[in-house]
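Derivation of every value follows stated rules applied to the coordinates shown; laboratory data play no part. Worth saying up front: this structure is predicted, and the values here are computed from it rather than measured. When we count neighbours, we look across all protein chains shown, and the Cβ atoms used for this are built from the backbone with ideal geometry, even at glycine.
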Amino acid sequence: MNTELLRQYQAEAEIFKALAHPTRLFIVHTIREQKLSVKELSNMVGIDISTMSKHLDILKKQKIIVGVKEKNSVFYFLNMPCVLDSVSCVKNVTDNR
């Protein structure tokens, strides 16, 4: 495998790694149609804000989500909606097991 191909596969793998946690999958599904703050998301999941912030940072690093500051809060929305296609594919496979 050449260096360029390896680099491409590594970048793709990083996206999948970022999605590889139930809380992060919940975030992606939840913010696909609405902007939510870290506080709103942490309340929905039932975890503390610092833990939610770590999950959000992982998704932001891969540009899967984006945060927009509005007054004193940051609201997150889905920046990479195509990841839901991959998630739907996996869901179809797991539903048919």
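Here is how the numbers come out for the structure above:
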quantity: Flag for Val83 being in contact with a strand residue (DSSP E or B) (Cβ under 7 Å, 6 or more places away or on another chain) and not hydroxyl-bearing (Ser, Thr, Tyr); calculated: no
quantity: Breaking point among (1) surrounded by fewer than 16 Cβ atoms within 10 Å (Cβ to Cβ); (2) under 19 Å from Ala18 (Cα atoms), for Ile64; calculated: (1)
quantity: The range 1-20: number of residues that are under 18 Å from His55 (Cα atoms) and not in a helix (DSSP H, G or I); calculated: 1
quantity: First in the range 1-24 and without any contact (Cβ under 8 Å) to a residue 60 or more places away in the chain and exposed (fewer than 10 other Cβ atoms within 10 Å of the Cβ), second anywhere and in a helix (DSSP H, G or I) and aromatic (Phe, Trp, Tyr), Cβ under 8 Å, 6 or more apart; calculated: Met1/Tyr9
quantity: Selected residue [touching a helix residue (DSSP H, G or I) at 6+ places or on another chain (Cβ under 9 Å) and aromatic (Phe, Trp, Tyr)] from Phe77, Phe26; calculated: Phe26
quantity: Meets criteria (acidic (Asp, Glu), closer than 23 Å to Gln8 by Cα and either more than 10 Å from the chain's Cα centre (by Cα) or surrounded by 13 or more Cβ atoms within 10 Å (Cβ to Cβ) (or both)) for Asp85; calculated: yes
